[in-house]
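Everything on this sheet refers to the single structure shown next.
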Amino acid sequence: MTDQELPDLVEWLEMVADELDLPRDVVVPGPILKMTKDVAHGIVRPGAPTSSYLVGVALGLRLAAQSNSAEAAVPAEEQLIELSEQIRELVARTQRQAGIDPDAGE
C-alpha cells in the first residue's frame with residue numbers, strides 16, 4: 001500500500017470510531033495532539049499515549065454519568081478540550097516544580 005492509498009488523520013480516526021461503534025462527532029484530534037506533544041516533550045515520551053488513554057477513560061466516565069443525569073449535556077468536544085487542557089496544565093506545573101521553565105521550548 002502506498003501513502004496515496006492511506007487515509008489522513010481524520011479519515012483514520014473516523015474509521016477507528018466506526019470500528020468501535022462510536023459516533024463520528026467524538027473525532028476531535030486537535031486537543032489530544034497538543035496534550036500528547038506536551039507530555040511527550042515535557043515529561044516522558046511513553047506518557048503521551050497512556051495519558052491519552054486516561055483522558056479517554058475520564059471522558060467516557062463523564063459522558064456515561066451525564067447520560068444518567070437530568071442536567072443539560074455538555075458536548076463531548078468541549079469536555080475533551082477541558083480534560084486535555086487540564087493535563088497540559090499538569091505538565092507545566094510538573095515542569096515548574098522540577099525547576100524547568102515550561103515556556104522555554106516555545
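Heavy-atom accessible surface of Leu22, to the nearest 10 Å², is about 80 Å², with a 1.4 Å probe and all protein chains retained. Among 39-45, 23-29, the peptide with the highest mean count of other Cβ atoms within 10 Å heads the list, and the full ranking is 39-45, 23-29.
Calculated [222 nm] ellipticity per residue, helices only, for the chain: -21500 deg cm²/dmol; basis is -39500 (n - 2.57) per DSSP H run with n ≥ 4, divided by all residues, nearest 500. Just the protein heavy atoms count here, and of the accessible area of segment 15-78 at 1.4 Å, carbon and sulfur take up 62 percent. Of the DSSP H helices in the chain, those with a Cα length along their own long axis of 18 Å or more and a mean Kyte-Doolittle hydropathy reaching 0.5 comprise 47-67.
Rounded to the nearest 20 debye, the dipole magnitude of the chain is 620 debye, with +1 charges on Lys and Arg beta carbons, -1 on Asp and Glu beta carbons, and the Cα centre as origin. Taken as Cα centroids, segment 77-106 and segment 1-33 sit 25 Å apart, rounded to the nearest whole angstrom.
The values are calculated or read from the model by the stated rules, or taken from the named source; none is laboratory data. Not measured: the values here are computed from a predicted model. In this analysis, Cβ positions are derived from the backbone assuming ideal geometry, glycine residues included, and neighbour counts consider all displayed protein chains. For accessibility, only protein heavy atoms count, side chains too; no ligands or nucleic acids. Shrake-Rupley method; radii C 1.70, N 1.55, O 1.52, S 1.80 Å.
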